[in-house]
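The block underneath contains the structure these notes are about, expressed in structure tokens.
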Amino acid sequence: MAPPDTADTTSERQAFNEEIKSLSAAPLWDQYHGVLTPEPEVKGVPHIWKWDGIREKMLRAGDLITAKEAERRVLMLENPAYAGEAKATETLFSGIQMILPGEVAPAHRHTPNALRLILEGSGGYTSVNGEKTFMEFGDYIITPNWCWHDHGNEGDEPVIWQDILDLPLVRSIGAIFHNPYPEDRFPAGPPEGDSLVRYGSNMVPAEGLAPDRLASPIFSYPYARSRETLEKLAKTTDLDPYHGLKMEFIDPTTGGAAMSSISTFLQRLPKGFKGERYQTTEGCIFTCLEGGGRAVVDAGGTETIIEFRPKDVFCVPCWHPFRLEADEDTYLFQGTDKVVQTKLGLWREKRGNA
């Protein structure tokens, strides 16, 4: 066959494209450069969800619907580019959940992994496979996929926390499963804090009771312990010019990420910190626990400045250059999809302008 004369074949190609639609086929050559791009192109945009506004509406939701009616009383934090799609980033969902005194959010299980970051209140708990973990400010609590879990509030004030789930990722694969438990509460199991005692002291059981999951066997990482670690390290450790002082939460039995599909970090930025430009293929969700500052994000050649304060949540999408600045000593929790990208050989970073 001789190469076609494109000047003479435009109408024939259009007719051909119409013909192959009946076969549920389409020509890759018309879309090739949009499918395989030189660098990541994502719909998500940098965005911040301000705590004051979200908290006000969350408390109002408490007057409108019970935790049992809703199953989970959650305000979804939707990226403006993904309105109606339950996405904060391309692969991660985030929301703010509240449980009122005396309430129980009924037990269920699902295939997406979930984590809780406690933002307000005391007396609330999460039960994972019957092990109850009480919630205090800043605590990071894991609900591994397909584990039975319920939430309750035995205190006298509302308890509010942030959820991060790999829901968009699992939905894209198609493997969504969800089961309600027949009763509101799952039967009591090990005593409170058992997993932290058993696996959180640089020891593991020599026989039996070994974890058989992909996630950490520790369900709760108390903020007081994590913060103290960073505070001590800050006195003896040189700062990374991009991240300040950043530590990853791990599974102590493997040394890998604490969750199979969500990487989690605690980051300390000292007062006056001005980070350098950084890029990563991770979709990043940040939550400010203490302090304040800003993220300066390059969004397609336009500089977006995100001013954050305690309990604000903000996201930086995949491959958007950004830098962090701190007006005072600042602690940021971060959830990303790095662990998935690393397992697939996809993760990249770019430091500085090189």
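The values are calculated or read from the model by the stated rules, or taken from the named source; none is laboratory data. Just so we're clear, the structure is a prediction, and the values are computed from it rather than from any experiment. Note that each Cβ is placed from the backbone with ideal geometry, even for glycine, and that neighbours are counted across all protein chains shown.
Only residues that are charged (D, E, K, R) and farther than 30 Å from Glu120 by Cα: list them for region 301-354, please.
Across region 301-354, the qualifying residues are Glu303, Lys343, Arg348, Glu349, Lys350, Arg351.
For region 309-320, what are the residues that are over 20 Å from Phe137 (Cβ atoms) and either aromatic (Phe, Trp, Tyr) or not in a strand (DSSP E or B) (or both)?
Within region 309-320, Pro317, Cys318, Trp319, His320 qualify.
Evaluate the following for Ala81: is it in contact with a helix residue (DSSP H, G or I) (Cβ under 9 Å, 6 or more places away or on another chain) and either surrounded by 11 or more Cβ atoms within 10 Å (Cβ to Cβ) or of a type outside the set (Gly, Ala, Ser) (or both)?
no
Matching residues to (1) assigned to a loop (DSSP other than H, G, I, E, B); (2) on the phi < 0 side of the Ramachandran plot; (3) under 24 Å from the mean Cα position of the chain (by Cα):
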{"residue": "Ser24", "(1), (2), (3)": "yes, no, no"}
{"residue": "Trp29", "(1), (2), (3)": "no, yes, no"}
{"residue": "Asp52", "(1), (2), (3)": "no, yes, yes"}
{"residue": "Arg60", "(1), (2), (3)": "no, yes, no"}
{"residue": "Glu69", "(1), (2), (3)": "no, yes, no"}
{"residue": "Arg72", "(1), (2), (3)": "yes, yes, yes"}
{"residue": "Glu78", "(1), (2), (3)": "yes, yes, yes"}
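Looking at region 321-349, which of the residues that are under 17 Å from the mean Cα position of the chain (by Cα) and in a loop (DSSP other than H, G, I, E, B) is surrounded by the most Cβ atoms within 10 Å (Cβ to Cβ)?
Filtering first and then ranking leaves Asp337.
Can you name the residue in region 106-142 that is outside any loop (DSSP other than H, G, I, E, B) and of a type in the set (Phe, Trp, Tyr) and, of all such residues, is surrounded by the most Cβ atoms within 10 Å (Cβ to Cβ)?
Among residues in region 106-142 that are outside any loop (DSSP other than H, G, I, E, B) and of a type in the set (Phe, Trp, Tyr), the one surrounded by the most Cβ atoms within 10 Å (Cβ to Cβ) is Tyr140.
Please go through (1) under 26 Å from Pro180 (Cα atoms); (2) aromatic (Phe, Trp, Tyr); (3) out of contact with any Pro (no Cβ under 7 Å at 6 or more places or on another chain) for Phe93 and return the number of the only condition it doesn't satisfy.
Against the list (1) under 26 Å from Pro180 (Cα atoms); (2) aromatic (Phe, Trp, Tyr); (3) out of contact with any Pro (no Cβ under 7 Å at 6 or more places or on another chain), Phe93 comes up short only on (3).
Within region 81-105, count every residue that is modelled with pLDDT of 95 or more and assigned to a strand (DSSP E or B).
7
Could you tell me which numbered condition Val45 fails, if it satisfies all but one of (1) over 14 Å from the mean Cα position of the chain (by Cα); (2) surrounded by fewer than 21 Cβ atoms within 10 Å (Cβ to Cβ); (3) within 24 Å of Met135 (Cβ to Cβ); (4) modelled with pLDDT of 95 or more?
That leaves (3) as the condition not met.
Which of (1) under 28 Å from Arg294 (Cβ atoms); (2) more than 19 Å from the chain's Cα centre (by Cα); (3) touching a residue at least 40 places away in the same chain (Cβ under 8 Å) does Tyr223 not meet, given it meets every other one?
The one condition Tyr223 does not meet is (2).
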